[in-house]
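As structure tokens, the structure follows; a few thoughts come after it.
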Amino acid sequence: MISWENYEEYMMMHADGELKPAEAQELMAFLDANPTLKSEMALYDLTRLTPDESLTYHDKNSLLKPEPVKRVISFPKWRKYAIAAGIALLVFVSLFKYIDTNKNNARIAKTDTTKPIIPEPANNTSNKNEPQPQQEPKSIAATTVQPAKVTHATHHDIHPQITHNKQLANTKQNDNALVNNITPAAKATTEISSLPITTTKPLPSEIAMASPPMATIPAYEITPPAKPTKRSLIDRLPIDEANKRQLKTIAHITSGASRSVSKVKEEIDGNAITFNIKNNNIHISF
Amino acid sequence: MEVNEYNACVREWADALFRFACKCTGQASDAHDVVQNSFEVLWQKRKEVETGKAKAYLFQVAYRKSIDHYRKKVKITFAAPPEETYTPANPDLKKILDRALAQLDDQARALVLLKDYEGYRYEEIAQITDLTETQVKVYLHRARKILKEYLVSVENII
């Protein structure tokens, strides 16, 4: 609140430019109320100094410090073009390589996904060059390979190879002789291990070559599981056969009616409907 | 602060600093020394001083140098301009105010110059001069009153 006691302080603050807008307005209102103080206010405002622009420091260069000069390396024109061409070539080659690699990766990924995974038999070292089958015969494809039982099937896997490889056959014969010489208990275990459940998938060539001895073993013929016949809801009901027949007749009539209703729905053409009752066409428009 | 930033400070603030030093010391040659010393200190402390605070730092150094300069002198010989009359027909208020400024002590003069020439606020002047804000306000108001009374006395003479 400005009063006669503190008005001078406000005037000096006004001269200093430190009054807030509200305080400046209050001071002006006070001066309007006391016009005799306006001359004093003008004198305080006159005490504000203004800088003399004519006074300048002429020796600025003595104060300046040398700035580090930036070296500019200039290339001849042909070098600029050569560098630009080199960069462009590098980018083009990299891009081409990148696209090519991507294509190859995509091809590999595609073949990997379509090809079925065929586990290699444990002793399949001699048949590496033989073509791998893409699809197994139906009877054999039904059998699933159990990785834990592969070790038991090693003896059986060698058996088809003997038929088409004489050298290997000799060794196999020796092997069989060895097998025959082992104890009956051990023989029993080998026979168990040769069951079709534990076999790995043989190659098609192996199947072709080993088919005669394989045919003699009936255990290899795996019959596909019979398709479960669909039973209607009526068949499942715990009622007599006579009642079931009646129910079926009712169901047949009902389904026929629903079919005819749907047929009528289809025949509705815009604002008209045509249907046939006892060879009489009835057309209703609405 | 880098070399180029220091040089920018020289180009921008050397004149203002010289005007301030001129009014504080009253002698152009002394002001020249004050400016040179101030920039020399800034150059030495360039790693510590931020670019945005370089101006305030320069005025702080110049203020101290000016005060020291006055303290060394037994009597201030302020080069006041010759007496001139203040009339509405010859409103050379600037010269009259220069004479009025010579009536002030070194500290009050420096405060008025920092306020009017550079437009610093009370708290900024307090930082430059190492005074409190209240002290700055009191000293400044005392100086304003002296200047106003000088103007009134000139008017009375006329």
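Less than 12 Å Cβ to Cβ from B:LYS47, Lys/Arg counted +1 and Asp/Glu -1: what total charge do the surrounding residues give?
Numbers: positive: B:LYS45, B:ARG46; negative: B:GLU2, B:GLU5, B:GLU48, B:GLU50.
Around B:LYS47, the charge tally is -2.
Taking a threshold of 22 Å on the Cα-Cα distance, which of the pairs B:LYS45/B:LYS65; A:LYS60/B:LYS95; B:LYS45/B:LYS115; A:LYS60/B:LYS94; B:LYS23/B:LYS148 fall above it?
Working: B:LYS45/B:LYS65 16 Å; A:LYS60/B:LYS95 27 Å; B:LYS45/B:LYS115 26 Å; A:LYS60/B:LYS94 27 Å; B:LYS23/B:LYS148 18 Å.
Violating the 22 Å Cα-Cα cut-off are A:LYS60/B:LYS95; B:LYS45/B:LYS115; A:LYS60/B:LYS94.
Taking other C-beta atoms within 10 angstrom as a stand-in for reagent exposure, B:TRP13, A:TRP78 fall in the order A:TRP78, B:TRP13, fewest first.
Note on B:MET1, A:MET11: ascending count of other Cβ atoms within 10 Å places them as B:MET1, A:MET11, the fewest first.
Give me B:PHE39, A:PHE92, A:PHE30 sorted ascending by neighbouring Cβ count inside 10 Å, so fewest comes first. Please report the intermediate quantities before stating the final value.
On the way: B:PHE39 25, A:PHE92 10, A:PHE30 18.
Fewest-to-most Cβ neighbours within 10 Å comes out as A:PHE92, A:PHE30, B:PHE39.
Net charge within 12 Å of A:LYS38 by Cβ-Cβ distance, Lys/Arg positive one each and Asp/Glu negative one each, not counting A:LYS38 itself? Display every interim value, and only then the final one.
Numbers: positive: none; negative: A:ASP32, A:GLU40, A:ASP45.
Cβ neighbours under 12 Å give a net charge of -3.
Count Lys and Arg as plus one, Asp and Glu as minus one, and take only other residues whose Cβ is under 15 Å from that of A:LEU55; the net charge is then -3.
Please average, across the residues of A:39-52, the number of beta carbons from any other chain that are within 10 Å of each residue's own beta carbon, and give a whole number. Each step should come with its number before you reach the end.
Working: counts 2, 2, 0, 2, 8, 6, 1, 8, 15, 6, 14, 5, 10, 6.
What the average comes to for A:39-52 is 6.
Just so you know, all these numbers are worked out from the coordinates, no wet-lab data involved. Note that the structure is a prediction, hence the values are computed from the model and not measured. Positions of Cβ are backbone-derived with ideal geometry, glycine not excepted, and every protein chain shown enters the neighbour counts.
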